[in-house]
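To start, I am sharing the structure in question, which I have written as structure tokens.
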Amino acid sequence: MKCNKIESKSTLQVAISGDKRKEKVSIFTSEGKELHCNPKVALVLSMDKTFPNSQMDTLSSLVYDYTPPKDVQLVRLGTLRAYDSCKSEEAKKEFIESFSKAIINGATKAKSKGCRLVILSKVLFNDKHWQVVAVRVGETYWADRRARPEVFVVNSTNEAKMRSAKNLQEQYEKNGVLPSMRAACRAFSEVTGREWKGEVKFSYAQGLQYGNMGCGFACALNEVRLLRGDFENRIVQPGDRVTKKVCVP
């Protein structure tokens with residue numbers, strides 16, 4: 001975190017005061033010393049107003065101190081976009097190009113280590129809502145020719161309360177995310193010498209946001225939660241129509 005100097009043994013504490021989205025967020029050390037962050041960090045910590053999409057990387061930097069396990073080959077992509085409109089086709093091309101390149105490059109290292117591969121991206125839907133989209137390849141993929149890549153979406157709004165798992169998957173078909181991921185995974189399969197049958201596993205989970213404008217905060221946190229494995233038992237299944245909550249320690 002880009003604040004003034006923090007003693008290595010200090011524990012950070014967060015104090016929230018104020019009403020609704022007018023809260024003031026303050027950070028203190030365990031010794032009671034308040035940390036004064038630089039303007040960019042202070043802005044994204046403020047709940048009084050949202051922040052420009054261009055500052056999403058600044059927000060992500062607040063939580064990117066998490067180190068993945070050694071058996072994970074992680075590739076982070078920049079921000080991608082998805083649309084339910086005429087802009088969809090152009091966005092799909094960027095999706096395919098970015099994920100194809102990342103999967104192919106990451107596969108070389110992951111295969112040599114026999115480890116898992118995770119391609120992680122922040123996706124801005126219709127220029128207003130942030131979600132996490134990832135492609136995961138398990139360590140068994142390198143030995144099991146029946147294994148499939150997995151497309152994992154983490155949303156911060158409670159869509160599962162209103163929609164079935166099938167309907168949620170259809171939504172990501174329509175906005176171009178799943179077709180783009182299949183194209184990227186096809187390129188990956190060809191490089192790894194697999195017969196492509198057009199199949200990817202689709203998983204959807206929820207890490208709910210605070211308030212009606214908290215998707216950016218939730219997206220940054222959900223990236224780490226996904227890497228940490230918090231959603232493994234919270235994937236929406238056929239028949240589910242309830243909230244899948246994540247308890248963060």
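The values are calculated or read from the model by the stated rules, or taken from the named source; none is laboratory data. This structure is a prediction, so every number in the text was calculated from the model and none was measured. Every residue, glycine as well, gets a Cβ built from its backbone with ideal geometry; the counts of neighbours run over all protein chains shown. In case anyone asks, the SASA skips ligands and DNA or RNA and just uses the protein heavy atoms, side chains included. Shrake-Rupley method; radii C 1.70, N 1.55, O 1.52, S 1.80 Å.
Would you mind calculating the gained length between S85 and E31 on full extension (0.36 nm times residue separation, minus the Cα-Cα distance), in nm to one decimal? Please report the intermediate quantities before stating the final value.
On the way: separation 54, 0.36 × 54 = 19.44 nm, distance 5.20 nm.
Extending this stretch completely gives an extra 14.2 nm.
Oh, and also: Find the accessible area per residue for the range 119-249; the probe is 1.4 Å, ligands and nucleic acids are left out, and the unit is Å².
Result: 46 Å² per residue.
Search the structure for amide H atoms under 5 Å from the amide H of L35, placed 1.01 Å from N in the peptide plane, and list their residues when 5 or more places away or on another chain.
I27, F28, T29
Tell me, what % of the accessible area of the range 78-185 is carbon and sulfur with a 1.4 angstrom probe?
With neighbouring chains kept in place, the figure for the range 78-185 is 48 percent.
Can you compute the charge dipole magnitude of the range 101-218 about its Cα centre, using +1 on each Lys and Arg Cβ and -1 on each Asp and Glu Cβ, nothing else charged? Give it in debye, rounded to the nearest 20.
Computed about the Cα centre, the dipole is about 260 debye.
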